[in-house]
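Trainee: Got a structure for you, questions after.
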Amino acid sequence: MLIDLGRSAAFGPSGVLAEQADTVLAVVRNTLRCLQAAQARVRVLEERVGNVGLLVIDDCPYPAGEVQRVMQVPVVATLPYAPGDGKVLSDGAEQPRRFEKSALMRAARNATMPLVQRAAMRRAQRTPGRGR
């Protein structure tokens, strides 16, 4: 199950969902403005639920390793910045020809295994009756 907690992330009822999740990822574009805006929210989320990862939308010259170093949270996967293809997924826009073979969809398929592995590790580490 995938739940988008929006920008509130660890606050209010969203925080309870995050505590119970098998995997918690913050999605962030690797632009200076987006990284600065996300940094405080990622810190709060990390403090509340622990083991937060990043899903980086590659839109700028900051490589995943640099993002990981600055944010002090592991980059689990990177997706290309593809607003046209992204609208198919987010807004139900009409699929362009060869959408399934697009860079976005290839990267999404490649990101599946690391996400599944993170979820399995978190489930295994979690003690019964606790949110962490």
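The values are calculated or read from the model by the stated rules, or taken from the named source; none is laboratory data. Quantities reported herein were computed from a predicted structural model and do not represent experimental measurements. Note: ideal-geometry Cβ built from the backbone for every residue, glycine included; neighbour counts use all protein chains shown. The area values use the complete protein model at the heavy-atom level, side chains included, leaving out ligands, DNA and RNA. Shrake-Rupley method; radii C 1.70, N 1.55, O 1.52, S 1.80 Å.
Trainee: Taking into account only those residues within region 17-36 that are assigned to a helix (DSSP H, G or I) and either at pLDDT 90 or above or hydroxyl-bearing (Ser, Thr, Tyr) (or both), which is most open to solvent (accessible area, probe 1.4 Å)? Please lay out each step first, then the result.
Mentor: First, pick out the residues of region 17-36 that are assigned to a helix (DSSP H, G or I): 17-20, 32-36.
Now drop any that are not either at pLDDT 90 or above or hydroxyl-bearing (Ser, Thr, Tyr) (or both), which leaves 32-36.
Working: LEU32: 92, ARG33: 177, CYS34: 35, LEU35: 25, GLN36: 121 Å².
If we take residues in region 17-36 being assigned to a helix (DSSP H, G or I) and either at pLDDT 90 or above or hydroxyl-bearing (Ser, Thr, Tyr) (or both), then ARG33 is most open to solvent (accessible area, probe 1.4 Å).
Trainee: For GLU94, all conditions in the list (1) assigned to a loop (DSSP other than H, G, I, E, B); (2) of a type in the set (Asp, Glu); (3) under 23 Å from LEU45 (Cβ atoms) hold save one; what is the number of the exception?
Mentor: The number of the failed condition is (3).
Trainee: Out of PRO96, PRO80, I need the residue that is out of contact with any Pro (no Cβ under 6 Å at 6 or more places or on another chain) and open to solvent by less than 50 Å² (accessible area, probe 1.4 Å). Which one? Lay out the reasoning, then the answer.
Mentor: Values: PRO96 fails: open to solvent by less than 50 Å² (accessible area, probe 1.4 Å).
Just one listed residue meets the conditions, PRO80.
Trainee: Restricting to region 64-109, count the residues that are touching a Ser or Thr at 6+ places or on another chain (Cβ under 6 Å) and either touching a residue at least 40 places away in the same chain (Cβ under 8 Å) or of a type in the set (D, E, K, R) (or both).
Mentor: First pass over region 64-109, keeping only residues touching a Ser or Thr at 6+ places or on another chain (Cβ under 6 Å): 64, 85.
Within this subset, residues satisfying the condition of being either touching a residue at least 40 places away in the same chain (Cβ under 8 Å) or of a type in the set (D, E, K, R) (or both) are 85.
The number of residues fulfilling the criteria is 1.
Trainee: List the residue pairs whose Cβ atoms are under 9 Å apart, where the first residue sits in region 49-63 and is on the phi > 0 side of the Ramachandran plot, the second is of a type in the set (A, V, I, L, M, F, W, C), and the two are 6 or more positions apart or on different chains.
Mentor: Qualifying pairs under 9 Å: GLY50/VAL24; ASN51/VAL24; ASN51/MET121.
Trainee: Please give the number of the condition PRO61 fails out of (1) farther than 16 Å from ALA119 by Cβ; (2) in a helix (DSSP H, G or I); (3) not acidic (Asp, Glu).
Mentor: The number of the failed condition is (2).
Trainee: Go through (1) open to solvent by 60 Å² or more (accessible area, probe 1.4 Å); (2) under 21 Å from GLN125 (Cβ atoms); (3) not aliphatic (A, V, I, L, M) one by one and return the number of the condition PRO63 breaks.
Mentor: It is condition (2) that PRO63 fails.
Trainee: Does region 110-124 include one or more residues that are in a helix (DSSP H, G or I), touching a residue at least 60 places away in the same chain (Cβ under 8 Å), under 14 Å from the mean Cα position of the chain (by Cα) and surrounded by 16 or more Cβ atoms within 10 Å (Cβ to Cβ)?
Mentor: Yes, there is a match, as at least one residue in region 110-124 is in a helix (DSSP H, G or I), touching a residue at least 60 places away in the same chain (Cβ under 8 Å), under 14 Å from the mean Cα position of the chain (by Cα) and surrounded by 16 or more Cβ atoms within 10 Å (Cβ to Cβ).
Trainee: Considering only region 78-91, I want to know if a residue exists there that is in a helix (DSSP H, G or I), out of contact with any Gly (no Cβ under 9 Å at 6 or more places or on another chain) and within 23 Å of ARG122 (Cα to Cα). Steps first, please.
Mentor: So in region 78-91, the residues in a helix (DSSP H, G or I) come out as 83-91.
Filter once more, keeping what is out of contact with any Gly (no Cβ under 9 Å at 6 or more places or on another chain): 83-91.
From what's left, within 23 Å of ARG122 (Cα to Cα): none.
No - not one qualifying residue is present in region 78-91.
This table checks each residue for (1) within 23 Å of VAL24 (Cα to Cα); (2) among the basic types (Lys, Arg); (3) in contact with a Cys (Cβ under 9 Å, 6 or more places away or on another chain).
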{"position": "LEU89", "(1), (2), (3)": "yes, no, no"}
{"position": "GLU94", "(1), (2), (3)": "no, no, no"}
{"position": "ARG98", "(1), (2), (3)": "no, yes, no"}
{"position": "ARG109", "(1), (2), (3)": "yes, yes, no"}
{"position": "MET113", "(1), (2), (3)": "yes, no, no"}
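Trainee: So, one more: Condition check: within 30 Å of GLU19 (Cβ to Cβ) and β-branched (Val, Ile, Thr). Does VAL49 satisfy that? Lay out the reasoning, then the answer.
Mentor: Working: within 30 Å of GLU19 (Cβ to Cβ): yes; β-branched (Val, Ile, Thr): yes.
The answer is yes for VAL49.
Trainee: Okay, moving on. Against the definition (within 19 Å of PRO114 (Cβ to Cβ) and assigned to a helix (DSSP H, G or I)), how does VAL73 come out, yes or no?
Mentor: Numbers: within 19 Å of PRO114 (Cβ to Cβ): yes; assigned to a helix (DSSP H, G or I): no.
No.
Trainee: Here's another thing I want to ask about it. Restricting the search to region 47-57, which residues are crowded, with 18+ Cβ neighbours inside 10 Å and assigned to a helix (DSSP H, G or I)?
Mentor: Within region 47-57, ARG48, VAL49 meet the criteria.
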